[in-house]
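Visitor: Okay, here's the structure, questions in a sec.
The values are calculated or read from the model by the stated rules, or taken from the named source; none is laboratory data. Predicted model, so just to flag it, every value in this text is computed and none were measured. Here the Cβ is made from the backbone with ideal geometry for all residues, glycine too, and neighbour counts use every protein chain on show. With ligands, DNA and RNA removed, areas are computed over all heavy atoms of the protein, side chains included. Shrake-Rupley method; radii C 1.70, N 1.55, O 1.52, S 1.80 Å.
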Amino acid sequence: MQNPLIKKASASFVVLTWNSLKYIETCLTSILQLPFKKIRIFVVDNGSVDGSQNLVKDIAASNSEIKLISLDRNIGTTRSRNLALRMVSADTDYVCIIDSDTQVGAEAFSSMVEQLNRDTGHAIGLVGPRMHNQRGEYQLSGRNLPTLGIKLRKVFPAKSIKRQGAFMEIPQTSVNNGLQDVPYLLSACWLMPYSTLKTVGLLDENIFYAPEDVDYCVRVHRAGLRVVFCPEADIMHDYQRISQHRFFSRMNLRHISGLSYYFRKYHYLFNARKALL
């Protein structure tokens, strides 16, 4: 059942595209169908060469809610999203960072809006939904903070060691009142009150591609706010693991660089608790 509170609220969506022709129309259509009182959609295209920009232009021509920010090259996930986040106006109730390969629905966003409105103490800084792909396989949306031990296990050739690393990522916190407090949420779909953006600020542009989501969630925690997973909210995320095609791919090297920066920033390798102090 849709929460009537969603119909009284405004929301700004930040959608990053990079050769997303296969997904972007479905994503934008699903956002436009959400029952918010007012919707703004900022699409930042990171230099696509597959026709994504032209398709978004065509869709925006008949939907004034959409603004396209076209870039001539891929400048990463943080700088590009920040271009849009700077354009979010103060009359916005909620800000949503969302991937182009998602498909959302009113029920999921109603659940997340309801949880944020229940939070009379304004302690929730960030909420995210459960996510599944087209095959019905669920993604681990909320995770423990990365450690060197987890990362090394996940790339180890032996499947048993890989499984151990994957298990170590699973938060052991329980679900209370429809929410699970987690160390961080994947940024495929984040919903936050506008106040979180004002308090925590923009994404860290020292990170090109990953783990910008980990870093931002750590900063939300350090601001005294909660990061929560809402299992009652469920969306489609046909996720592309672009950093896992080849170990020495450019994206993987960017990820390793970002992870190295993150560990230096928070002064730990194995004890993730240090990041939250």
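Visitor: How about the range 205-243: which of its residues are assigned to a helix (DSSP H, G or I) and more than 14 Å from the chain's Cα centre (by Cα)? Walk me through how you get there before you give the answer.
Guide: Taking the range 205-243 and keeping what is assigned to a helix (DSSP H, G or I), we get 212-222, 242-243.
Across the range 205-243, the qualifying residues are Arg219, His221, Arg222, Ile242, Ser243.
Visitor: Separate question: Scan the range 178-187 for residues that are touching a residue at least 60 places away in the same chain (Cβ under 8 Å) and farther than 11 Å from Cys96 by Cβ and report the count. Please lay out each step first, then the result.
Guide: First, the residues of the range 178-187 that are touching a residue at least 60 places away in the same chain (Cβ under 8 Å): 178-179, 183, 187.
Retained after the next criterion (residues that are farther than 11 Å from Cys96 by Cβ): 178-179, 183.
Number of matching residues: 3.
Visitor: Which residues, counting only those in the range 1-17, are surrounded by fewer than 22 Cβ atoms within 10 Å (Cβ to Cβ) and not in a helix (DSSP H, G or I)?
Guide: Passing the criteria: Met1, Gln2, Asn3, Ala9, Ser10.
Conditions tested, residue by residue: (1) assigned to a helix (DSSP H, G or I); (2) within 19 Å of Val227 (Cβ to Cβ); (3) hydroxyl-bearing (Ser, Thr, Tyr); (4) open to solvent by less than 40 Å² (accessible area, probe 1.4 Å).
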site: Val49; (1), (2), (3), (4): no, no, no, no
site: Asn54; (1), (2), (3), (4): yes, no, no, no
site: Arg73; (1), (2), (3), (4): no, no, no, no
site: Leu83; (1), (2), (3), (4): yes, no, no, no
site: Ala90; (1), (2), (3), (4): no, no, no, no
site: Glu114; (1), (2), (3), (4): yes, yes, no, no
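Visitor: Please go through the range 155-169 and pick out each residue that is open to solvent by 60 Å² or more (accessible area, probe 1.4 Å) and either modelled with pLDDT under 95 or β-branched (Val, Ile, Thr) (or both).
Guide: Val155, Phe156, Pro157
Visitor: Continuing with the same structure: Quick one: Cys96 ticks every box in (1) assigned to a strand (DSSP E or B); (2) among the hydrophobic types (A, V, I, L, M, F, W, C); (3) out of contact with any helix residue (DSSP H, G or I) (no Cβ under 9 Å at 6 or more places or on another chain) except a single one, so which number is it?
Guide: Result: Cys96 fails condition (3) only.
Visitor: Could you please find all residues in the range 26-40 being assigned to a helix (DSSP H, G or I) and of a type in the set (Val, Ile, Thr)?
Guide: Thr26, Thr29, Ile31, listed by residue number.
Visitor: Let me confirm something: among Leu269, Leu191, Leu202, which residue is among the hydrophobic types (A, V, I, L, M, F, W, C) and not in a loop (DSSP other than H, G, I, E, B)?
Guide: Leu191
Visitor: Filter the range 116-140 down to the residues that are under 26 Å from Val56 (Cβ atoms) and assigned to a loop (DSSP other than H, G, I, E, B), then identify the one that is nearest to the chain's Cα centre (by Cα).
Guide: The initial filter retains those residues of the range 116-140 that are under 26 Å from Val56 (Cβ atoms), namely 128-129, 131-134, 139.
If we keep only those that are assigned to a loop (DSSP other than H, G, I, E, B) too, we end up with 133-134.
On the way: Asn133: 15, Gln134: 19 Å.
Ranking the candidates gives Asn133 first.
Visitor: Do you know which of the residues in the range 209-241 that are open to solvent by 50 Å² or more (accessible area, probe 1.4 Å) and at pLDDT below 95 is nearest to Thr29 (Cα to Cα)?
Guide: Top of the filtered list is Tyr239.
Visitor: Within the range 170-188, does at least one residue satisfy the condition of being closer than 22 Å to Ala11 by Cα and among the charged types (D, E, K, R)?
Guide: Checking the range 170-188: not a single residue is closer than 22 Å to Ala11 by Cα and among the charged types (D, E, K, R).
Residues checked against (1) β-branched (Val, Ile, Thr); (2) within 27 Å of Ala84 (Cβ to Cβ):
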position: Ala166; (1), (2): no, no
position: Thr173; (1), (2): yes, no
position: Asn176; (1), (2): no, no
position: Asp181; (1), (2): no, no
position: Leu185; (1), (2): no, yes
position: Tyr194; (1), (2): no, yes
position: Arg219; (1), (2): no, yes
position: Asp234; (1), (2): no, yes
position: His255; (1), (2): no, yes
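Visitor: With respect to Ala60, is the statement that it is without any contact (Cβ under 8 Å) to a residue 60 or more places away in the chain, among the small types (Gly, Ala, Ser) and not in a loop (DSSP other than H, G, I, E, B) true? Outline the logic, then answer.
Guide: On the way: without any contact (Cβ under 8 Å) to a residue 60 or more places away in the chain: yes; among the small types (Gly, Ala, Ser): yes; not in a loop (DSSP other than H, G, I, E, B): yes.
Here the answer is yes, as Ala60 does meet what is asked.
Visitor: Give me the residue from the range 170-206 that is under 17 Å from Gly258 (Cβ atoms) and acidic (Asp, Glu) and, out of that set, most open to solvent (accessible area, probe 1.4 Å).
Guide: Selected residue: Glu205.
Visitor: What are the pairs with Cβ atoms under 7 angstrom where one residue, in the range 252-277, is at positive phi and the other, located anywhere, is among the polar types (S, T, N, Q)? Sequence gap at least six, or different chains.
Guide: none
Visitor: If the Cβ limit is 9 Å and pairs must be 6+ apart or interchain, which residue in the range 121-137 that is over 25 Å from Val220 (Cα atoms) and open to solvent by less than 10 Å² (accessible area, probe 1.4 Å) pairs with which residue that is of a type in the set (A, V, I, L, M, F, W, C) and part of a strand (DSSP E or B)?
Guide: Final answer for the pair search is Asn133/Met236.
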